[in-house]
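Trainee: Okay, handing you the structure first.
The values are calculated or read from the model by the stated rules, or taken from the named source; none is laboratory data. Values in this document were obtained by computation on a predicted structure and should not be read as measured data. Please note: Cβ atoms are built from the backbone with ideal geometry, for glycine as well, and neighbour counts cover all protein chains shown.
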Amino acid sequence: MDAIEFSDHISNQMGRLRSNALKFTKNLDDADDLVQETLIKAFRFSKKFEEGTNFKGWLFMIMRNTFINSYRKVAKKRAIMSSSDDLPDSTMLLGAVANESPGKLMIQDIEKALSLLPDSYRLPFIAYVEGYKYSEIAEELNLPLGTIKTHIHMARALLRKYLKNYNIRNVNGDFN
């Protein structure tokens, strides 16, 4: 399927996508964001679509998974935010007056470090950070599960090396 035909198929589904997104989000702005994320992923993975299969079902599965992953991220963020209630006011004050420039510089450094990773490491790592499970990434990239785990592990190791000046804690809370 060429790009024009793919775009036509998507155009035919836009109304259904938006109404389905509204059922998920119960908010018009969030629904539009969900549709946009769905379309970005659909175009990004358009080569993975198998002609002759259900295009509408494929799009709606992308939307469903995008919504679920987004919901998981929000739930994690809320859990972290609620745990901040246990912090003393003095700690909160320090965080509130911090300069934003170091954060922006850190983000730029992280983006640069990510760009240095080979695609074979970067793509699975980004998908993992976006909330996809190893098995979902393996299926999407058509690679064995063990290969995906190895690539994500290698991406972490390289990022740790590239970003060593930030004294980043690993998952166990230990400094690297």
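Trainee: Are any residues in segment 17-47 over 18 Å from the mean Cα position of the chain (by Cα) and loosely packed, with under 14 Cβ neighbours inside 10 Å, and if so, which ones?
Mentor: Hits for segment 17-47 are Ser19, Lys23, Lys26, Asn27, Leu28, Asp29, Lys47.
Trainee: Could I ask something else about it? In segment 124-140, what count of residues is obtained for those that are at pLDDT 90 or above and farther than 22 Å from Val74 by Cα?
Mentor: The number of residues fulfilling the criteria is 2.
Trainee: For segment 1-59, which positions are aliphatic (A, V, I, L, M) and not in a helix (DSSP H, G or I)? Give the steps one after another, and end with the answer.
Mentor: So in segment 1-59, the residues aliphatic (A, V, I, L, M) come out as 1, 3-4, 10, 14, 17, 21-22, 28, 31, 34-35, 39-40, 42, 59.
Residue satisfying the conditions is Met1 alone.
Trainee: Can you tell me which residue is nearest to Thr38 (Cα to Cα) among those in segment 97-123 that are among the hydrophobic types (A, V, I, L, M, F, W, C), assigned to a helix (DSSP H, G or I) and modelled with pLDDT under 85? Quick ask: steps written out before the conclusion?
Mentor: So in segment 97-123, the residues among the hydrophobic types (A, V, I, L, M, F, W, C) come out as 97-98, 105-107, 110, 113-114, 116-117, 123.
Adding the requirement that they be assigned to a helix (DSSP H, G or I) leaves 105-107, 110, 113-114, 116, 123.
Pick out the ones that are also modelled with pLDDT under 85 and you get 105-107, 110, 113-114.
Details: Leu105: 30, Met106: 28, Ile107: 25, Ile110: 25, Ala113: 27, Leu114: 23 Å.
Among those residues, the one meeting the criterion is Leu114.
Trainee: Then there's this: Please determine whether any residue of segment 147-167 is modelled with pLDDT of 85 or more, part of a loop (DSSP other than H, G, I, E, B) and surrounded by fewer than 17 Cβ atoms within 10 Å (Cβ to Cβ).
Mentor: Scanning segment 147-167 turns up no residue that is modelled with pLDDT of 85 or more, part of a loop (DSSP other than H, G, I, E, B) and surrounded by fewer than 17 Cβ atoms within 10 Å (Cβ to Cβ).
Trainee: Something else: Could you look through segment 1-16, keep only residues that are in contact (Cβ under 8 Å) with a residue 24 or more places away in the chain and within 13 Å of Lys56 (Cα to Cα), and pick out the one that is surrounded by the most Cβ atoms within 10 Å (Cβ to Cβ)?
Mentor: Filtering first and then ranking leaves Gln13.
Trainee: Which numbered condition trips up Gln13, out of (1) polar (S, T, N, Q); (2) at pLDDT 90 or above; (3) in contact with a Lys or Arg (Cβ under 7 Å, 6 or more places away or on another chain)?
Mentor: Of (1) polar (S, T, N, Q); (2) at pLDDT 90 or above; (3) in contact with a Lys or Arg (Cβ under 7 Å, 6 or more places away or on another chain), only one is false for Gln13: (2).
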